[in-house]
Structures are given as C-alpha cells and as structure tokens.
Amino acid sequence: MEKVWNALTDKAQMKEWYFDISDFELGIHNELNFFEPGDEKKYHHHGEILELIPNEKLKHTWSYPEFSKEKTIVKWELEKDGDETIVTITHKGLENFAHLGKDFQKESFQQGWNEILGEILKEFIEN
C-alpha cells in the first residue's frame, strides 16, 4: 500500500507515470499546477489539496483557470486487499466542464482515468 501511496504523492515518481507536477507538495491547501504531457501546453491544470489521509485518501480540486471558473473534485482512495492495493478514483463535477467542448466531456475524462489507472499506474507499480 505504501508503494502505491508513494507513486501517488511523490512528484519524482508521479512524473514517471502521471504528470510532471513540479510544485506538488503534500499538505492541506497546497496548490498544484501542471500541463498535459508534451510541449503544446494547451491546458493549464490547477488544483488545491482538500483532504489528506496518508496511505488512504488524497482529495483535491481540478480546474482549468484559463478556460473556466468551474472546479471539479478528484478523490484518490486506497484500500488494502490481501497483498494488493485497490485504487479508486472519483472525479465529481465533470458536468461543470461540458460547456468547454469535446476535450472536456465526461467520456474523455473516463477514458483518460481508465488508461492512467488501469494501464499506466498498474504497470508502474508492478515493474
């Protein structure tokens, strides 16, 4: 479980499988800023850590300040299952982004999270 938590909260590890969030530091109300991978830097992502329970839960806002004042909430939850760790992610409020176009539809986020959790994080943890 600690290995998974570290993958979710250590910015050096996050850079390998998730996003390069150079200003990421664990702590309530700490803010984070990042762009999608690549050089285009089309979408500035912003968040603020709202809740933190080591090895159990990380909850933060997720927004695109250049495009909308709307915010969503991302919650990562870890649960021990024998020798394995179950990671559940909940991204609430996606309807708040629907007006921004096709890249911001619920289906786009579902596809992205499924790839991030089901493939990229899984492979990172298992190797």
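The values are calculated or read from the model by the stated rules, or taken from the named source; none is laboratory data. Here the structure is a predicted model, which is why all the values come from computation and not from measurement. Here Cβ is always computed from backbone atoms with ideal geometry, including for glycine, and neighbour counts include all displayed protein chains. Just the protein is used for accessible areas: all its heavy atoms, side chains included, with ligands, DNA and RNA removed. Shrake-Rupley method; radii C 1.70, N 1.55, O 1.52, S 1.80 Å.
Placing unit charges on the Cβ atoms only, positive for Lys and Arg and negative for Asp and Glu, gives segment 51-127 a dipole magnitude near 480 debye about its Cα centre.
Mean residue ellipticity, 222 nm, helices only, the chain: the sum of -39500 (n - 2.57) across DSSP H runs of n ≥ 4, divided by residue count and rounded to 500, is -6000 deg cm²/dmol.
Restricting segment 29-127 to trypsin sites (Lys or Arg not before Pro) that sit in a DSSP loop and have at most 14 other Cβ atoms within 10 Å of their own Cβ leaves 41, 42, 69. Annotation: per residue accessible area for the chain equals 61 Å², rounded to a whole number [probe 1.4 Å, protein chains only].
For the pair residue 96 and residue 122 in one chain, pulling the backbone fully straight at 0.36 nm per residue adds 6.4 nm over the alpha carbon distance. Loop sites by DSSP among the GluC sites (Glu not before Pro) of the chain, restricted to those with at most 12 other Cβ atoms within 10 angstrom, leave 67-127 as the longest stretch without any of them.
For segment 9-65, applying the loop criterion from DSSP together with a ceiling of 15 other beta carbons within 10 Å to the chymotrypsin sites (Phe, Trp or Tyr not before Pro) yields 43.
Most fluctuating residue of 27, 82, 112 in a GNM of the chain with Cα springs under 10 Å: which is it? It is 82. Holding the Cα-Cα limit at 27 Å, pick out from 3/106; 3/41; 11/75 the pairs that are longer than that. In this structure, 3/106; 3/41 exceed 27 Å between Cα atoms.
Near residue 71, which aspartates and glutamates are there with a Cα under 17 Å away, not counting those fewer than 8 places off in the same chain? Answer for residue 71, where 17 Å is the Cα cut-off: 31, 48, 51, 95, 103, listed by chain and number. Backbone phi angles across segment 67-78, fed through the Karplus curve with coefficients 6.51, -1.76 and 1.60 (θ = phi - 60°), yield HN-Hα couplings of 10, 7, 7, 5, 10, 10, 10, 10, 10, 9, 10, 10 Hz in residue order; Gly and Pro are listed as x. Normalised by the number of residues in the chain, the average gap of Cα pairs under 8 Å and 6 or more apart makes the relative contact order 17 percent. The base-10 log of I(q)/I(0) for the chain, evaluated at q = 0.14, 0.19 Å⁻¹, reads -0.62, -1.18 [Debye formula, identical scatterers on Cα atoms, solvent excluded].
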